[in-house]
Structure formats: C-alpha cells, structure tokens
Amino acid sequence: MILKYLLGVVFYLALFLSQAQDTTYARSVIKKLTSKEFLGRGYVNNGINKAAKYLISEFKTIGLLPIRKSFSQHYTFNVNTFPGEINVIIDGKTLEAGKHFLIDPSSKTLKSSFQLFKTDSVTYKAFDVHNEATLEIKLKKKLTYTVATSLEDIAIVELLKDSFPNELKNSDVVYENKFIQNFKCQNIIGYIKGTEHPDSFLVYSAHYDHLGAMGTTAYFPGANDNASGVSVLLNLAKYYKKHPSKYSIAFFLFSGEEAGLLGSKYYSEHPFFPLSKIKFLTNLDLLGTGSDGIMAVNATVFKSQFEKLVAVNEKNKYVSQIKQRGKAANSDHYWFSEKGVPCFFIYTLGGVTFYHDIYDVDITLPLTDYIDICKLLIDFNNSL
Ligand SMILES: [Zn+2]
C-alpha cells in the first residue's frame, strides 16, 4: 500500500518534472527570441537574421536534418525602417516611442515644426511651408504597429488618445526613414525522417519574425506573436526526435509574416518537396495563453480532420474548448490551403491581449495550457 502510494508520488513527481522541463525550455526560447539582442526580430540591425542563426543552432542541437543542403531558404523583399533617433515633441512635451506614439511604418524622413489644425475628433493636419512637409496626427485608442514594404507621401504620427486629453497646438517631429531594397531574409526548414512512410510529411509551421525596432529606444518583443509558436514547434521537434513517427515530420520556421505572409508565400511557390506530399500542416501562431481554449482556422474547410482534433481533445480533456473558424488569410497556413494542402492555423484564446505593441513581453505571457496544447497537437497528428 505504502509502496503503491510512494510509486504514485514518484510517478507524479516525474510527470511534474518532465512538464516543468518542457515549459522551462519554452521559457528560455521565448526569453531569447524576445531579448534586445534580436531587436524584435525585424530589420534594424539585422535582428531577424540573428534570430535565424540562433534557431538554426537549435535545429542542429535537437538533431533535425536539412531537406536540402542547408536549413535556410533565402529570398528578399523591400522594407521601410527607422533605425536612428526619433524625436516627437507635442506642445513642449517630449514623448516616448512605442508608449505615447508610433510613426506610421510607411512614412518618409521628416524634420519639421508644425502648427496643428484639428480636422475631426481624432485627426490633426499640419503643413510646414518652409520644408514643404505634410503631417497627419491620428489619435488612437491603442497603438498597434505593423511592417511596411512601400512608402507613402504623407507622414503619419499616431498618438495614444488617453495620453492627450487636451487640444493639441504644435509639434516638432524629427526622424529619418531608411528604405531597404531587397532585404535578405530566410525560412528555416528541417525534418525528422519517418520510419514507414518517409516520403509523406506531417508539417508544423510557425513564423519567427516580428515587427523589429522603431527608433533607438523602442522595439517590439513579440513574445506571444510568435516566440510562443516557435517554442511549441521546437518542443515538438524534441519530442519527435525521441519518438519518431511513421510519417516524416517537417518543421517550417517562416520569416516575413508580419510584412504580409511573405516567407510562407515564397516557400509555397518554391517548396523543398512537392506540396502534394504534405499529409497535413499545422500552423502555430499566438500560443501563449489558453484560458479560453484554442481556435482552429480552416476547421470548416477540413471537417474530417477537425472532428479528429475535437475527438482527441474530448478523450483527454486537454483544452477547455476548440472553437472553429473558416478560411482566413491571417497567418502562414493561408498559401498552403489556397494550394489545396490540408491545414489548420491554431491560436490560443483568453488571457493577455497585448498585440503588436511594446508590451508583448515574455514575463507576462502565461503559457496557461502550454503542455496540454503540445500533447493535443501530437495526439492529433497520430490520429491522421
Ligand atoms: Zn503572428
């Protein structure tokens, strides 16, 4: 009786330790990817390619194999950046980048003082005769940054509405843009050979890029978006290395997602093996929460696979609910489903809602249902 009890304790302790270990690795990956070293995995200081170097070394450590000669697939796109100092002063108050304001990512260099004219409750316009510069100021409830691959003629500064209750009168705005032509990016592609059907692939994908930096003080860490998904992908790679599947398991880490799903588009047009050999692809993006379960995009398109996903979840009670959506061009799975590859995009629901801002950091990311989601993804692939 006592022995049975002790064995029980040992079993749960081992289970707890192995689970703790999995999230320990996840936390270390997320911390590294969101660190200042990679500056938000964008284009200032080549942050994205520094992150790529780290991820390739993780692929090698885990023991993944390249499908071609190397893990990297290079491609290029144009991107606008603000690598230098940004100064925005409104009515004598110097503002903090990312916290009080954002420069619209498609803006060109601006160095001017303006008198501001309110055109509606959330917009100011200004024209500086000396420099022939035009500025638009928009008041926003939330500051949400993006990536621009082309330039606009009008400069836009977005201000956090709540920080500016009074009428605005004048502004000094100084920043320089650097438009990079043909920025060289890479997708990272590795796999574990299947034991029975090595030519048939189950694929996990996740984008490792984010929005980079804006100026010299603000960068966008992208913990939930999508250091979380990358960490799940690496955890699954570790699992499949220990427990090889009868199908080959491929791991696609895409770049250029925030610039318009560019890395996955490039890969889908230049695949390393025929897309028809993909049995199923699961795209992982925004996996850091889970208190309200998960969402499956493409659930209504690939109904029989969705039924399997729900069945393995109900059997093991992994997540509280699996909501379903139809087709959506909201992450890297999109190009694959357009080309007829069966796939889902899975993201978690509930918890913190920081999105495309400076607050999407590792320490507040709850990883609520992290282990259960990993188990669910493995069981689901086993059911296919
Ligand atoms: Zn994302």
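Checking segment 145-162 against the condition returns no match, with no residue being part of a loop (DSSP other than H, G, I, E, B), modelled with pLDDT of 95 or more, within 14 Å of SER112 (Cβ to Cβ) and not basic (Lys, Arg). The strands (runs of 3 or more DSSP E) found entirely in segment 92-143 include none that carry 3 or more residues being small (Gly, Ala, Ser) and out of contact with any Cys (no Cβ under 9 Å at 6 or more places or on another chain). Listed by first and then second residue, the pairs linking a residue in segment 221-235 that is closer than 14 Å to GLY47 by Cβ and assigned to a helix (DSSP H, G or I) to a residue that is away from the ligand (no atom under 13 Å from the Cβ) and of a type in the set (A, V, I, L, M), with Cβ atoms under 9 Å apart and 6 or more places separating them unless they lie on different chains, are ALA227/VAL29; ALA227/ILE30; ALA227/LEU365. With respect to being of a type in the set (Ser, Thr, Tyr) and within 16 Å of the ligand (Cβ to nearest atom), THR289 fits the description. Residues that are away from the ligand (no atom under 16 Å from the Cβ) and of a type outside the set (A, V, I, L, M, F, W, C) within segment 220-252 comprise ASN235, LYS238, TYR239, TYR240, LYS241, LYS242, HIS243, PRO244, SER245, LYS246, TYR247, SER248, listed in sequence order. Check whether at least one residue in segment 55-78 is of a type in the set (D, E, K, R), on the phi < 0 side of the Ramachandran plot, assigned to a helix (DSSP H, G or I) and out of contact with any His (no Cβ under 7 Å at 6 or more places or on another chain), and report yes or no. Yes. For segment 89-106, a residue qualifies if it is crowded, with 20+ Cβ neighbours inside 10 Å and under 20 Å from VAL147 (Cα atoms), and the qualifying residues are ALA97, GLY98, PHE101, LEU102, ILE103, PRO105.
Can you tell me which residue within segment 253-266, out of those that are within 16 Å of the ligand (Cβ to nearest atom) and either in a helix (DSSP H, G or I) or within 22 Å of VAL319 (Cα to Cα) (or both), is farthest from the chain's Cα centre (by Cα)?
If we take residues in segment 253-266 being within 16 Å of the ligand (Cβ to nearest atom) and either in a helix (DSSP H, G or I) or within 22 Å of VAL319 (Cα to Cα) (or both), then LYS265 is farthest from the chain's Cα centre (by Cα).
Residue selection: THR216 fails the criterion of being among the hydroxyl-bearing types (Ser, Thr, Tyr), loosely packed, with under 15 Cβ neighbours inside 10 Å and within 16 Å of the ligand (Cβ to nearest atom).
For segment 178-213, the candidate set comprises residues that are closer than 17 Å to LEU39 by Cα and part of a loop (DSSP other than H, G, I, E, B); within that set, the residue that is farthest from the ligand (Cβ to nearest atom) is GLY212. Each residue in segment 175-206 was checked for being in contact (Cβ under 8 Å) with a residue 60 or more places away in the chain, out of contact with any Lys or Arg (no Cβ under 7 Å at 6 or more places or on another chain) and not β-branched (Val, Ile, Thr), and 17 pass.
Taking the criterion of being of a type in the set (S, T, N, Q), in a helix (DSSP H, G or I) and within 12 Å of the ligand (Cβ to nearest atom), would at least one residue in segment 267-282 satisfy it? No, the conditions are met nowhere in segment 267-282.
The values are calculated or read from the model by the stated rules, or taken from the named source; none is laboratory data. As the structure is a computational prediction, the values presented were derived from the model and not from experiment. Counting neighbours? That spans all protein chains shown, and the Cβs are built from the backbone with ideal geometry, glycine included.
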